[in-house]
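Written below as structure tokens is the structure these notes are about.
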């Protein structure tokens, strides 16, 4: 699968999905402020994601749900035909203000080949403003052929050939519309970290146990809640700091309990 640019098409959108029937239509609709060339790479969802995406006007490509889901994102990128690509997750939305800024930016033929965009993260009924959760900048807009994901880490950014700028308006991120959804995602990410522990053959001695079960969680909580002023977000800031701090506790516990 390779992308054949359409010189008359200014921008395309790339989305990857797996069981996102509750998000995909709103995501696609928000992108229609920018383009109708929307590519969805779906990891063989068990729900109505594919049908809904097709009905909403997207081109849908069905492939296996690779644990390194950035591989699927790269496939979506390679199937975009526009001169520029906007990369979104299904739980993200493009605001009217951001769509307008993107249009104005790329029509001026900027010297940059990519742009950081801040994200407003919704958590427990409101947007997080502190605790390192904002601005949560990500590279999501880039010139076609100049951006690709390295496929090394699930937290990596798009690698850009050339200069990178920064837009002013935000992507709206509804990763955790409720706490149940947050716990599902947390479980997935701790599984990935536990797998990385296994691949790197992280030790299982007393020093490592103390570090990942005690020291690392305490350091993380302090950084989020105190150093980055997570306490200013009230109750949601405390919960965000507490459960973020527990990430390595749960991931390492999964790793050391694995008999492999």
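Let me check against my output: what whole-number percent is the relative contact order of the chain, with C-alpha pairs under 8 Å and at least 6 apart? Please report the intermediate quantities before stating the final value.
On the way: 491 pairs, mean separation 46.2, N = 260.
RCO, the chain: 18 percent.
Could you check which residue among 23, 223, 121 shows the biggest mean-square fluctuation in a GNM of the chain with a 10 Å Cα cutoff?
Ranking 23, 223, 121 by mean-square fluctuation puts 223 first.
How do 198, 228 line up, fewest other C-beta atoms within 10 Å first?
Working: 198 13, 228 17.
So the ranking, lowest neighbour count to highest, is 198, 228.
Suppose each label sits 7 Å from its Cα in the direction of the beta carbon; what would the residue 65-residue 246 distance come out to in nanometres?
2.4
Binned at 10 Å from 0, what are the whole-percent values of the Cα-Cα distance distribution for the range 65-139, short to long?
14, 41, 35, 10
Compare 199, 48, 33 in a GNM of the chain, Cα atoms joined below 10 Å, and give the one with the largest fluctuation.
Sorting by GNM fluctuation, first place goes to 199.
Rounded to the nearest whole Å³, what is the per residue volume of the convex hull around the Cα atoms of the range 193-232?
Numbers: hull volume 2.9 nm³, N = 40.
Given the Cα convex hull of the range 193-232, per-residue volume reads 72 Å³.
Relative to the longest principal axis of the chain, what angle (0 to 90°, nearest 10) does the C-alpha long axis of helix 96-107 take?
The answer is roughly 60 degrees.
Under 10 °C and 1.306 mPa s, how fast does the range 90-131 diffuse according to Stokes-Einstein, given a Kirkwood radius computed over C-alpha pairs? Answer in µm²/s, whole number. Walk me through the numbers before you get to the answer.
Details: Rh = 12.6 Å.
For these conditions, the coefficient is 126 µm²/s.
Given only helices, namely DSSP H runs of n ≥ 4 each adding -39500 (n - 2.57), what is the per-residue ellipticity at 222 nm of the chain, to the nearest 500 deg cm²/dmol?
Working: 9 runs with 91 residues, N = 260.
Using -39500 (n - 2.57) per qualifying helix, the result is -10500 deg cm²/dmol.
Report, to two decimal places, the Cα Rg of the range 179-257 normalised by 2.2 N^0.38 Å (N = number of residues).
Ratio of Rg to 2.2 N^0.38 Å for the range 179-257: 1.15.
Give me the number: length gained by fully extending residue 151 to residue 210, i.e. 0.36 nm times residue separation minus the C-alpha to C-alpha distance, one decimal in nm.
Details: separation 59, 0.36 × 59 = 21.24 nm, distance 3.06 nm.
In short, 18.2 nm is gained.
Kindly state, to the nearest 0.05, the FRET efficiency for residue 231 paired with residue 26, given R0 = 35 Å and r defined as their beta-carbon distance. The partial results should precede the final answer.
Details: r = 32 Å, r/R0 = 0.91.
Efficiency, from the Cβ-Cβ distance: 0.65.
Rg(Cα) of the range 122-243 divided by 2.2 N^0.38 Å?
Here the answer is 1.25, to two decimals.
For the chain, find the longest principal axis of its Cα atoms and tell me its angle to the long axis of helix 247-257, 0 to 90°, nearest 10.
Long axis of 247-257 versus the principal axis of the chain: about 70 degrees.
How high is the relative contact order of the range 179-257? Use alpha-carbon pairs under 8 Å, at least six apart in sequence, and give a whole percent. Numbers along the way, then the final one.
Details: 56 pairs, mean separation 36.0, N = 79.
So the answer I get is 46 percent.
Against the longest principal axis of the chain, how steep is helix 234-245, in degrees 0 to 90 to the nearest 10, with axes from Cα atoms?
Between the helix axis and the principal axis of the chain, the angle is about 80 degrees.
A short reminder: the numbers here are calculations on the coordinates, not readings from a lab. Nothing here was measured: the structure is a model prediction, and the numbers come from that model. Virtual Cβ from ideal backbone geometry, glycine too; neighbours counted across all protein chains shown.
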